[in-house]
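Colleague: Would you mind keeping the following structure in view while I ask a few things?
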Amino acid sequence: MRNQMLLLISIGLIGSGVVAGPVQAEDAPSGRFAQTISMPQIPDTTVDRPVGIDASASSLLPVQVSVAGSCALQDLLGGQQILATGAGTCVVTASQQGDDRWLPAPTVSQEFQFIGGEAGSKISNAGPDTYLSAQGLPLTVSVTVSSDHRDGRAPTGTVIGQLRSIIGGPACTGCGPVAVDLRANGQAVLVVPGSFTATLAAGGYSMAVDYSGDAFFDGGRLFLPDIRIVTPGDIYAGSEPIVVSMGDSYISGEGGRWAGNAFALDEAWRTDTNPNTYNDRGGYAESIAGCHRSSSAEIHIEQAGAEVLSVNLACSGAQTTTFDSGINFKPGLDFYQSESTGRRGQALELYRLASANPGRIKMVVLSIGGNDFHFGGIVQACVQNFLTWQEKCSKLPEVRRLFDTPNVELQLAKMVGALDNINEAMAEAGYSPDEWTLVQQDYPSPVPGAASRIRYPETISRVTAGGCGMYNADLAYANDTMLATINATVKRAGAASQMPNVRFLDLTDAYVGNRLCEKGVDLVSALNDVERWTDDNAVLGSEWIAAIRLLSLAHDGHPYWTQESLHPNYWGQLANQVCVKLAWNDGDVLGGTCVRGDGAYDPASGTSRSYPVMVLIPD
């Protein structure tokens, strides 16, 4: 006999008071129970009245509700309600995906009408998806009211904006309405004065924007869910232009402690430039743990003689979007903000910096995408397989899939989104495109792809002596497929963004001649005329890429970190500094290809740094 279970559902959300009747759930052949969704018919109503949602599942699992048409969802404590965005049809769909006990429920859908005035109108956002304002600065919101223009008429009337709290955000204390008359072109600009934003706690807010309608056109409502009030950024003294770096480990300064490689642990002193090189907070701590923003990071072109002020917002391990587990925080190229910890995404930090220093940011340099493609994880797998004589990682399906078209297009979209966020941050801080330039750089080849260019045979010596333990086939794949695909996607993202102020800096071959395990260079301990990194000729004879280390030894009293592996070391970062300085071009920013020149030089009197000569071939 088939077992049956009788479930009595009595879930009611906002404003309905409707209770679903008894629903029977029967055993399904799969061993999971069938479930149904109850959602009473919503009657037609006027555009000025919110509609409560009463949707429940016989499983008692939460129901997901979506809407389409002339309406939008608003989250409230304890549930949701539907707001009209204009007169017309609203389609409501309820679904429940099931779990290990319940099968997915059949989707339930219905429609109803929001009724307005004589002719339809639509209010829409004319600004960014995320509105930003630092405390004490005005918050400006732009909307547009459009219609079918009956008999050539255009909408008139008033637009009213009301800041609101959101779930989990700070209270919107004293938030009153802001009203403006609609312009003849259908636009309205709502300005919340800086004197009021100064009183708001930093955090996320929303805004309901209502159009009053007139004798011929019905009113409407727009819900803006993402408004950020942030603490002001640091104001830098002086008047020199500011250059900013954003992105991941290849620009943050990861690996910058080491000037060349000395693979034996007892020879670390030969290449150790400064134990505090990653402590960007006054030399005693990191601003964000693990970001490894080194003192030699490429953005610090003032060290190479440029008359600028540099700010490093990049973070080792960063992807296009922020990762925040509570313990581990990697700010992405977005507007992430945590009210509880004060953590912010890099795009939000750029807005804070730009709004606090109006007109001074002239160049932003970006490196992003490698972590989204999981480049570091793949290299680690390649080395582990080499050590254990397993399959070449270039043959693994899970590796090859990352460089197939579907994933490449996904990563392209994420990169374009990152560029859009940078552009939005600068625009909201009051910068026009002709006031600043985005330099988008790709990734340098860290190790030769041709076995003939490697100092070590395809034996364990690549691990124990060189720190480049990979099969010949995997080295070729890393250069010819992985790096080539990532760099091509980075360049495509710049073009796809359609930003007029983007320049591309090609670093692919910048380290050729000084790459990890490359013939012609060596470990510092093996150089005939060099004992330590400070000696003459160290820059030319050393490798510019940090050796691959599988175990992080820093916690055992040794100074190395695995995350430093295969990153530009001190010399590589100085080479990049020269490339970025050449691209800066005294403010007339260039794009092009940067390659190694001949010899080394001291860029400024009194400096102890010897810089490699680099050449920029302009586009």
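Derivation of every value follows stated rules applied to the coordinates shown; laboratory data play no part. Here the structure is a predicted model, which means the values were calculated and not measured. Cβ atoms come from the backbone with ideal geometry, glycine included; neighbour counts cover every protein chain shown.
Colleague: Note down the nm distance, to one decimal, between modelled labels 7 Å out along Cα→Cβ at Ala201 and at Gln162.
Modeller: In this crude label model, Ala201 to Gln162 measures out at 2.2 nm.
Colleague: Tell me the label-point distance for the pair Asp586, Glu398, using the 7 Å Cα-to-Cβ offset, in nm and rounded to one decimal.
Modeller: It is 5.4 nm.
Colleague: Still on this model: Remind me, relative contact order of the chain in percent, using alpha carbon pairs under 8 angstrom and six or more residues apart?
Modeller: Contact order relative to length: 10 percent.
Colleague: While we're looking at this one, here's another question. Can you run phi through the Karplus equation (6.51, -1.76, 1.60; θ = phi - 60°) for segment 500-511 and list ³J(HN,Hα) in whole Hz, with x for Gly and Pro?
Modeller: x, 10, 9, 10, 10, 10, 8, 10, 3, 9, 5, 9
Colleague: Here is a further query. For the residues Lys581, Lys330, Lys362, what sequence is obtained by ranking on other C-beta atoms within 10 Å, fewest first? Please report the intermediate quantities before stating the final value.
Modeller: Details: Lys581 24, Lys330 21, Lys362 18.
Arranged by neighbour count, lowest to highest, Lys581, Lys330, Lys362 become Lys362, Lys330, Lys581.
Colleague: So for each of 137-145, 493-501 I average, over its residues, the number of other beta carbons within 10 Å; can you give me the resulting order with the highest mean first?
Modeller: 137-145, 493-501
Colleague: If you don't mind, there's one more thing I want to ask. Show me 54-61, 166-173 ranked by packing, highest mean number of other Cβ atoms within 10 Å first. Please report the intermediate quantities before stating the final value.
Modeller: Working: 54-61: 21.8, 166-173: 13.9.
Result, highest mean first: 54-61, 166-173.
Colleague: Let me see the pair-distance distribution of the chain: every alpha carbon pair, 20 Å bin width, integer percents in order.
Modeller: Histogram of Cα-Cα distances, whole percents per bin: 17, 41, 29, 12, 0.
Colleague: Using alpha carbon coordinates only, what is the Rg to Rh ratio of segment 227-294, with Rh defined as the Kirkwood radius?
Modeller: Answer for segment 227-294: 1.10.
Colleague: Taking amide H atoms as placed 1.01 Å from N in the peptide plane, list the residues 5 or more away in sequence, or in a different chain, whose amide H sits under 5 Å from that of Tyr560.
Modeller: For Tyr560, the qualifying residues are Leu553, Ala554.
Colleague: In this model, which of Lys395/Lys581; Lys414/Lys519; Lys395/Lys519; Lys122/Lys330; Lys414/Lys581 are farther than 30 Å apart at the alpha-carbon?
Modeller: Lys395/Lys581; Lys414/Lys519; Lys122/Lys330
Colleague: Label-point separation (nm) for Val615 and Ser461, each offset 7 Å from Cα along Cα-to-Cβ?
Modeller: It works out to 3.3 nm between the two label points.
Colleague: Same structure, new question: Pop out the ³J(HN,Hα) list for segment 191-205 in order, Karplus 6.51 cos²θ - 1.76 cosθ + 1.60 with θ = phi - 60°, rounded to Hz; leave Gly and Pro as x.
Modeller: 10, 8, x, x, 4, 8, 4, 5, 8, 8, 6, 4, x, x, 9
Colleague: How do 123-130, 337-344 rank on mean C-beta neighbours within 10 Å, highest first?
Modeller: 123-130, 337-344
Colleague: Okay, next question. Once the convex hull of the alpha carbons of segment 121-230 is built, what does its volume come to per residue, in cubic angstrom?
Modeller: Considering the Cα atoms of segment 121-230, their hull volume per residue is 87 Å³.
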